[in-house]
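All remarks here apply to the structure that follows.
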Amino acid sequence: MHSEREFAEYVAGLAQTLGHADRVGPLADYCRGLMLSGERKSVEPMAALVAPASVSAKHQSMHHFVAAAEWSDEKFLGQMREQMVPALGPIEAWIVDDTGYPKKGKRSVGVTRQYCGQLGKQDNCQVAVSVSLANEAGSLPIAYQLYLPQEWAADKARRRKAGVPEHIGFVTKNQIALAQIKAARAANVRPEWYWPMPATATMRIFEAAWRRWAYVTPWASRTRRRCGLRVINPCRRRTAAKAAPARAGSAMPNVSPRM
(Lines give C-alpha, C1' and ligand atoms only; values in the text may rest on other atoms or scores of the structure.)
Protein backbone atom coordinates (compact mmCIF):
# COMPACT_ATOMS: atom_id res chain seq x y z
CA MET A 1 0.00 0.00 0.00
CA HIS A 2 2.81 2.38 0.89
CA SER A 3 4.50 1.77 -2.46
CA GLU A 4 1.23 2.27 -4.35
CA ARG A 5 0.70 5.61 -2.63
CA GLU A 6 4.23 6.76 -3.43
CA PHE A 7 3.80 5.69 -7.05
CA ALA A 8 0.52 7.62 -7.34
CA GLU A 9 2.12 10.74 -5.83
CA TYR A 10 5.08 10.44 -8.19
CA VAL A 11 2.87 10.13 -11.27
CA ALA A 12 0.64 12.99 -10.09
CA GLY A 13 3.69 15.23 -9.88
CA LEU A 14 4.84 14.31 -13.38
CA ALA A 15 1.32 14.75 -14.72
CA GLN A 16 1.46 18.47 -13.92
CA THR A 17 3.54 18.93 -17.08
CA LEU A 18 1.16 17.10 -19.44
CA GLY A 19 -1.48 19.78 -19.91
CA HIS A 20 -4.60 17.56 -19.85
CA ALA A 21 -6.09 15.47 -17.05
CA ASP A 22 -6.99 12.64 -19.47
CA ARG A 23 -3.26 11.93 -19.94
CA VAL A 24 -2.69 11.03 -16.28
CA GLY A 25 -4.14 7.52 -16.63
CA PRO A 26 -2.09 6.56 -19.72
CA LEU A 27 1.04 7.98 -18.07
CA ALA A 28 0.48 5.83 -14.98
CA ASP A 29 -0.15 2.79 -17.18
CA TYR A 30 2.99 3.41 -19.18
CA CYS A 31 5.17 3.85 -16.07
CA ARG A 32 3.66 0.72 -14.52
CA GLY A 33 4.28 -1.23 -17.73
CA LEU A 34 7.94 -0.22 -17.72
CA MET A 35 8.37 -1.54 -14.18
CA LEU A 36 6.54 -4.84 -14.63
CA SER A 37 8.29 -7.98 -15.81
CA GLY A 38 8.48 -8.63 -19.52
CA GLU A 39 11.30 -8.42 -22.06
CA ARG A 40 9.56 -6.21 -24.62
CA LYS A 41 8.82 -2.64 -23.54
CA SER A 42 6.83 -1.44 -26.53
CA VAL A 43 3.23 -0.31 -26.00
CA GLU A 44 1.31 -3.45 -26.98
CA PRO A 45 3.08 -5.97 -24.72
CA MET A 46 3.01 -3.45 -21.85
CA ALA A 47 -0.74 -2.97 -22.36
CA ALA A 48 -1.17 -6.74 -22.05
CA LEU A 49 0.65 -6.68 -18.72
CA VAL A 50 -1.22 -3.68 -17.34
CA ALA A 51 -4.73 -4.70 -18.45
CA PRO A 52 -4.86 -8.33 -19.62
CA ALA A 53 -8.66 -8.24 -19.78
CA SER A 54 -8.84 -5.18 -22.08
CA VAL A 55 -5.61 -5.15 -24.06
CA SER A 56 -7.01 -3.45 -27.17
CA ALA A 57 -8.50 -0.46 -25.34
CA LYS A 58 -5.45 -0.05 -23.11
CA HIS A 59 -3.12 -0.29 -26.09
CA GLN A 60 -5.07 2.42 -27.88
CA SER A 61 -4.95 4.88 -24.96
CA MET A 62 -1.26 4.25 -24.22
CA HIS A 63 -0.30 4.49 -27.90
CA HIS A 64 -2.14 7.79 -28.30
CA PHE A 65 -0.36 9.16 -25.22
CA VAL A 66 3.09 8.19 -26.54
CA ALA A 67 2.64 8.80 -30.27
CA ALA A 68 0.08 11.57 -30.69
CA ALA A 69 -0.46 13.58 -27.50
CA GLU A 70 1.46 16.86 -27.37
CA TRP A 71 3.54 17.37 -24.21
CA SER A 72 7.01 18.68 -23.54
CA ASP A 73 9.68 16.11 -22.74
CA GLU A 74 11.89 18.93 -21.39
CA LYS A 75 9.25 20.03 -18.88
CA PHE A 76 8.60 16.40 -17.99
CA LEU A 77 12.28 15.70 -17.27
CA GLY A 78 12.53 18.98 -15.36
CA GLN A 79 9.66 17.96 -13.10
CA MET A 80 11.19 14.53 -12.60
CA ARG A 81 14.46 16.19 -11.60
CA GLU A 82 12.72 18.39 -9.05
CA GLN A 83 10.98 15.38 -7.51
CA MET A 84 13.84 12.91 -7.53
CA VAL A 85 17.04 14.84 -6.77
CA PRO A 86 16.19 15.25 -3.05
CA ALA A 87 15.66 11.48 -2.82
CA LEU A 88 18.86 10.73 -4.72
CA GLY A 89 21.00 12.75 -2.32
CA PRO A 90 24.17 14.82 -2.92
CA ILE A 91 25.25 14.63 -6.56
CA GLU A 92 28.80 13.39 -7.09
CA ALA A 93 28.95 13.34 -10.89
CA TRP A 94 27.36 14.34 -14.13
CA ILE A 95 27.51 11.55 -16.71
CA VAL A 96 27.34 12.47 -20.39
CA ASP A 97 26.65 9.39 -22.46
CA ASP A 98 25.17 8.03 -25.64
CA THR A 99 23.13 4.86 -25.33
CA GLY A 100 22.39 2.47 -28.19
CA TYR A 101 19.13 0.52 -28.39
CA PRO A 102 19.27 -2.52 -30.70
CA LYS A 103 16.50 -2.64 -33.30
CA LYS A 104 15.53 -5.26 -35.86
CA GLY A 105 13.43 -3.09 -38.17
CA LYS A 106 14.12 0.10 -40.14
CA ARG A 107 11.05 2.22 -39.40
CA SER A 108 11.88 3.52 -35.91
CA VAL A 109 13.09 7.14 -36.02
CA GLY A 110 16.87 7.38 -36.24
CA VAL A 111 17.51 3.67 -36.58
CA THR A 112 20.50 2.78 -38.73
CA ARG A 113 23.65 0.70 -38.65
CA GLN A 114 25.93 2.43 -36.13
CA TYR A 115 27.90 1.64 -33.01
CA CYS A 116 25.73 0.17 -30.24
CA GLY A 117 27.24 0.16 -26.76
CA GLN A 118 24.88 -2.55 -25.52
CA LEU A 119 26.20 -4.91 -28.18
CA GLY A 120 29.77 -3.61 -28.29
CA LYS A 121 29.79 -3.43 -32.08
CA GLN A 122 28.25 -1.80 -35.15
CA ASP A 123 24.67 -2.94 -35.61
CA ASN A 124 21.15 -1.77 -36.34
CA CYS A 125 20.10 0.53 -33.48
CA GLN A 126 18.82 3.87 -32.27
CA VAL A 127 21.10 6.13 -30.22
CA ALA A 128 20.12 8.67 -27.56
CA VAL A 129 22.38 11.26 -25.90
CA SER A 130 21.81 11.93 -22.22
CA VAL A 131 23.07 13.79 -19.17
CA SER A 132 22.53 12.05 -15.84
CA LEU A 133 23.12 13.10 -12.25
CA ALA A 134 24.77 10.37 -10.22
CA ASN A 135 26.20 9.27 -6.91
CA GLU A 136 27.03 5.88 -5.46
CA ALA A 137 23.33 5.28 -4.64
CA GLY A 138 22.04 5.66 -8.19
CA SER A 139 21.61 7.94 -11.17
CA LEU A 140 18.92 10.13 -12.72
CA PRO A 141 18.65 11.28 -16.36
CA ILE A 142 17.92 15.00 -16.57
CA ALA A 143 18.30 15.39 -20.34
CA TYR A 144 17.63 12.86 -23.07
CA GLN A 145 17.53 13.33 -26.84
CA LEU A 146 17.31 10.91 -29.75
CA TYR A 147 20.18 11.24 -32.21
CA LEU A 148 19.06 11.69 -35.84
CA PRO A 149 21.78 10.42 -38.24
CA GLN A 150 22.60 12.40 -41.38
CA GLU A 151 20.98 9.83 -43.65
CA TRP A 152 17.71 10.30 -41.76
CA ALA A 153 17.97 14.08 -41.61
CA ALA A 154 18.45 14.29 -45.40
CA ASP A 155 15.69 11.83 -46.37
CA LYS A 156 12.48 13.89 -46.65
CA ALA A 157 10.23 10.96 -47.52
CA ARG A 158 11.50 8.86 -44.63
CA ARG A 159 11.14 11.79 -42.22
CA ARG A 160 7.60 12.50 -43.35
CA LYS A 161 6.56 8.85 -43.03
CA ALA A 162 8.02 8.61 -39.51
CA GLY A 163 6.58 11.97 -38.41
CA VAL A 164 9.90 13.74 -37.77
CA PRO A 165 9.16 17.48 -37.29
CA GLU A 166 10.53 19.74 -40.03
CA HIS A 167 12.54 21.91 -37.64
CA ILE A 168 14.66 18.97 -36.46
CA GLY A 169 17.84 18.62 -38.48
CA PHE A 170 21.16 16.85 -38.17
CA VAL A 171 23.07 17.68 -34.97
CA THR A 172 26.17 15.81 -33.83
CA LYS A 173 26.16 13.90 -30.55
CA ASN A 174 28.68 16.31 -29.08
CA GLN A 175 26.54 19.32 -29.98
CA ILE A 176 23.51 17.65 -28.39
CA ALA A 177 25.49 16.94 -25.21
CA LEU A 178 26.83 20.49 -24.94
CA ALA A 179 23.33 21.93 -25.39
CA GLN A 180 22.05 19.61 -22.64
CA ILE A 181 24.84 20.69 -20.28
CA LYS A 182 24.14 24.37 -21.01
CA ALA A 183 20.41 23.89 -20.33
CA ALA A 184 21.13 22.12 -17.04
CA ARG A 185 23.39 24.96 -15.92
CA ALA A 186 20.70 27.48 -16.89
CA ALA A 187 18.33 25.52 -14.63
CA ASN A 188 20.83 25.92 -11.76
CA VAL A 189 21.77 22.25 -11.62
CA ARG A 190 25.22 22.55 -10.10
CA PRO A 191 27.89 20.32 -11.66
CA GLU A 192 29.79 18.83 -8.74
CA TRP A 193 31.92 16.67 -11.04
CA TYR A 194 31.86 15.99 -14.74
CA TRP A 195 32.51 12.69 -16.49
CA PRO A 196 32.25 12.30 -20.30
CA MET A 197 31.72 8.74 -21.46
CA PRO A 198 34.07 7.59 -24.27
CA ALA A 199 31.83 7.87 -27.31
CA THR A 200 30.83 11.48 -26.59
CA ALA A 201 34.21 12.80 -25.41
CA THR A 202 35.58 14.65 -28.44
CA MET A 203 38.28 16.69 -26.79
CA ARG A 204 38.45 19.82 -28.91
CA ILE A 205 34.71 20.52 -28.66
CA PHE A 206 34.41 19.80 -24.94
CA GLU A 207 37.56 21.67 -23.98
CA ALA A 208 36.35 24.88 -25.62
CA ALA A 209 33.05 24.69 -23.74
CA TRP A 210 34.61 23.63 -20.47
CA ARG A 211 36.81 26.74 -20.34
CA ARG A 212 33.55 28.64 -19.82
CA TRP A 213 31.57 26.16 -17.75
CA ALA A 214 33.88 23.97 -15.69
CA TYR A 215 33.63 23.61 -11.96
CA VAL A 216 37.30 22.86 -11.38
CA THR A 217 39.26 21.60 -8.42
CA PRO A 218 42.89 22.75 -7.99
CA TRP A 219 44.42 19.45 -9.09
CA ALA A 220 42.23 19.42 -12.19
CA SER A 221 43.56 22.83 -13.22
CA ARG A 222 47.12 21.54 -12.88
CA THR A 223 46.43 18.53 -15.08
CA ARG A 224 44.38 20.30 -17.73
CA ARG A 225 47.16 20.28 -20.34
CA ARG A 226 47.82 16.60 -19.81
CA CYS A 227 44.15 15.63 -20.01
CA GLY A 228 43.16 18.00 -22.80
CA LEU A 229 39.98 18.68 -20.80
CA ARG A 230 39.11 19.68 -17.28
CA VAL A 231 37.82 16.33 -16.16
CA ILE A 232 37.13 15.76 -12.48
CA ASN A 233 37.55 12.51 -10.57
CA PRO A 234 33.93 11.52 -9.78
CA CYS A 235 34.65 9.57 -6.63
CA ARG A 236 36.21 12.42 -4.61
CA ARG A 237 39.20 10.23 -3.78
CA ARG A 238 41.80 12.94 -3.57
CA THR A 239 44.76 10.62 -3.04
CA ALA A 240 43.90 8.56 -6.09
CA ALA A 241 43.17 11.72 -8.06
CA LYS A 242 46.59 13.20 -7.39
CA ALA A 243 48.35 9.93 -8.18
CA ALA A 244 46.48 9.28 -11.43
CA PRO A 245 44.43 12.22 -12.79
CA ALA A 246 41.21 11.24 -14.53
CA ARG A 247 41.33 11.06 -18.28
CA ALA A 248 38.42 11.57 -20.61
CA GLY A 249 37.33 8.23 -21.92
CA SER A 250 38.24 6.31 -18.75
CA ALA A 251 35.70 3.99 -17.20
CA MET A 252 33.82 5.49 -14.28
CA PRO A 253 33.84 3.23 -11.20
CA ASN A 254 30.69 2.41 -9.26
CA VAL A 255 28.37 4.70 -11.24
CA SER A 256 26.57 4.03 -14.48
CA PRO A 257 23.52 5.72 -16.04
CA ARG A 258 20.28 3.77 -16.05
CA MET A 259 17.75 5.03 -18.52
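The values are calculated or read from the model by the stated rules, or taken from the named source; none is laboratory data. Every value quoted in this text rests on a predicted model; they were computed, and no experiment measured them. For neighbour counting, all protein chains shown are included, and Cβ atoms are generated from backbone atoms with ideal geometry for every residue, glycine included.
Key figures
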| quantity | calculated |
| --- | --- |
| Qualifying residue in the range 46-53 (condition: within 25 Å of Ile176 (Cα to Cα) and loosely packed, with under 14 Cβ neighbours inside 10 Å) | no |
| Sole exception among (1) in the same structural domain as Gly169 (by TED's automatic domain parsing); (2) surrounded by fewer than 20 Cβ atoms within 10 Å (Cβ to Cβ) for Cys125, by number | (2) |
| Verdict on Gly25 being within 21 Å of the chain's Cα centre (by Cα), surrounded by 12 or more Cβ atoms within 10 Å (Cβ to Cβ), at pLDDT 90 or above and not hydrophobic (A, V, I, L, M, F, W, C) | no |
| Sole residue being more than 21 Å from Phe76 (Cβ to Cβ), at pLDDT 85 or above and in a helix (DSSP H, G or I), chosen from Gln180, Gln175 | Gln175 |
| Criterion: surrounded by 19 or more Cβ atoms within 10 Å (Cβ to Cβ), in contact (Cβ under 8 Å) with a residue 40 or more places away in the chain and out of contact with any Cys (no Cβ under 6 Å at 6 or more places or on another chain) - qualifying residue of Gly89, Gly78, Gly110 | Gly110 |
| Wholly within the range 1-90, helices (runs of 4 or more DSSP H) carrying at least 3 residues that are among the polar types (S, T, N, Q) | 55-67 |
| Gly38 free of Cβ contacts under 8 Å to residues at least 60 places away in the same chain and out of contact with any Phe, Trp or Tyr (no Cβ under 8 Å at 6 or more places or on another chain) | yes |
| Members of the range 38-82 found to be more than 17 Å from the chain's Cα centre (by Cα) and of a type in the set (Ser, Thr, Tyr), listed by number | Ser42, Ser54, Ser56, Ser61 |
| Yes/no for Asp97 being in contact with a helix residue (DSSP H, G or I) (Cβ under 9 Å, 6 or more places away or on another chain), more than 20 Å from Leu27 (Cβ to Cβ) and of a type in the set (Asp, Glu) | yes |
